[in-house]
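Single-structure report; data block below.
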Amino acid sequence: MGVAPYVLVNVLRALLSSLLAVSLAAGSVAGVAAQDEADDPLQAAVPARILFIGNSHTERFGGLDWLVGNMVAAEGTSRPYAADRRTASGVTLEYHFRNGAPEAIRTGGYDTVVLQDHLPGAAVPSTAPFLQYATKLHSRVVLAGAETVLFMTWPQGKRDWADLDDFVAAHREAEARLGARVAPVGVAFANAQAERPDLVLIGEDTIHATWAGAYLAAATVYATLFDRSPEGLPYTFGISEEDAAFLQRIAWQTLTDWRAGIPAAE
């Protein structure tokens, strides 16, 4: 568990900020564009300080906070992004509720909190604990004046009591009950595999994402957080440009379908 540094993101952001400052000094057109952006209420609502809470699915490959931050940096803008994470291997939202997350939410000054649970890790084969502790943490998020986003993961081969339908049903219920947005990563995995079964998204342990899977997870969370398609972002996380473009498309299409109530591909 800990707070992740954002050296790469911050350095890129600082360089972009410098370039933007030069551009603004060079002419009035850039100044008008900047003013238009500042007056855009949707732009003003974009989250700038985010807390990611979860387990190894949020922690691996440098952290979901870092991956999403690199996507923000790849936009070519200078908008603010800062993120922390609280993670521990194999834990649930109940663990986080009992081990400091409420205080971190209360005092962190976040505008958005991303909650990622471990449904197969529940003490009983039921999604009820997820709903219970997502609700408890969401209430703390609301009191702090922030927004909740739920990061839906994927079924796990070694603990298969919960299939994708269970994940979807639990997150749909939480979405309706809490008014929280859902990043439907598990659905994105299913959609990607239906179209590209050759692309390995989950590792040999049947639990954790591969590099490509982690990229798809980050792209889906990015799209959900910022209501923006990741398509065209030059950041590829070391996978091929072709695979990155495919996963960017899947992430945005999955989110669009989720919001329209369209089920996952089979």
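Just so it is clear, none of the values below were taken in a lab; they were calculated from the coordinates. Not measured: the values here are computed from a predicted model. We place every Cβ from the backbone using ideal geometry, glycine too, and count neighbours over all the protein chains shown.
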Checklist entry - Measuring from centroid to centroid over Cα atoms, what is the spacing of region 104-144 and region 235-266 in Å? => result 25 Å
Item to check | Interchain or long-range residues, amide H under 5 Å from F52's placed H | outcome: D84, R85, R86, V114
Checklist entry - Using mean Cβ contacts within 10 Å as the protection proxy, how do 244-257, 212-225 order, highest first? => result 212-225, 244-257
Checklist entry - From the backbone phi of region 230-237, what are the Karplus-calculated ³J(HN,Hα) couplings (6.51 cos²θ - 1.76 cosθ + 1.60, θ = phi - 60°) in whole Hz, Gly and Pro given as x? => result x, 4, x, 5, x, 6, 10, 6
Item to check | Efficiency of FRET between A265 and D198 - r from beta-carbon atoms, R0 22 angstrom, step 0.05 | outcome: 0.90
Next on the checklist: For a quick check: with amide H placed at 1.01 Å from N, whose amide H comes under 5 Å from S78's, ignoring anything fewer than 5 positions away on the same chain?
Outcome noted: none
